[in-house]
Amino acid sequence: MERTFLMVKPDGVQRGLIGRIVARLEDKGFKMVAGKLVQVSLEQAQRHYAEHEGKNFYDNLVRFITSGPVFAMVWEGDDIIALSRILMGKTNVTEALPGTIRGDYASHTPHNLIHGSDSPESSAREIANFFEAHELVNYDKSISLWT
Ligand code: RTP
Ligand code: MG
């Protein structure tokens, strides 16, 4: 069982897409173990995007992610890091296929609606940047055994 950090970015919150994005992850059979609306601070954004520091899109990215609330989540499931990135679709909206979250809803590249961790290491780091251990809820979701 793997955990990942997923976040509806400010464009997704503004456009009222939290519910539809959560529904896709639920439909796939994954389990949400934490979720909250967060106004990301500058320091938190810089920690989150530390790997992109120095790139030409970094300043815009930090400005974007702090521009309004995000919906931060932790989800659980087998191979969820890879599978949730497939559900998200490609970063670049011109490559994001229909049927994916970005392919169906995003039309401008930096504003691609959702973030997802890309490795177990980044997942652990990103979860710790947004959640205290006690905010992650332990519960059974037996339906996930059959989906
Ligand atoms: P994310 O981190 O948001 O889940 O997306 P990702 O792994 O698919 O993409 P990544 O390479 O980590 O880039 C992080 C976010 O930066 C913005 N971006 N803009 N050339 C550009 O203008 C550019 N490249 C990336 C996107 O918002 C991307 O999701
Ligand atoms: Mg990334």
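One table, with the values for the structure above:
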| item | result |
| --- | --- |
| Residues Tyr139, Tyr58 arranged by fewest to most Cβ contacts within 10 Å | Tyr139, Tyr58 |
| Relative contact order (percent, whole number), the chain, Cα cutoff 8 Å, 6+ residue spacing | 37 percent |
| Three-way shape label, the chain, alpha-carbon gyration tensor, a/c 1.5 | oblate |
| Across Lys28/Lys55; Lys9/Lys55; Lys9/Lys31; Lys90/Lys141, pairs whose alpha-carbon gap is larger than 23 Å | Lys28/Lys55; Lys90/Lys141 |
| Average projected area [Cα convex hull, the range 1-86], square nanometres | 5.9 nm² |
| Theoretical FRET efficiency, 1/(1+(r/R0)^6), r = Cβ-Cβ of Arg20 and Glu135, R0 35 Å, to 0.05 | 0.90 |
| Förster-model FRET efficiency, 25 Å R0, His52 and Ala128, C-beta, rounded to 0.05 | 0.85 |
| Cβ-Cβ FRET estimate between Ser67 and Ser119, R0 fixed at 30 Å, reported to 0.05 | 0.70 |
| For Met1, Met73, order by how many other beta-carbon atoms lie within 10 Å, fewest first | Met1, Met73 |
| Sequence of Val33, Val40 once ranked by neighbouring C-beta atoms within 10 Å, starting from the fewest | Val33, Val40 |
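Just so you know, all these numbers are worked out from the coordinates, no wet-lab data involved. Since the model is a prediction, treat every value here as computed from it, not as a measurement. When we count neighbours, we look across all protein chains shown, and the Cβ atoms used for this are built from the backbone with ideal geometry, even at glycine.
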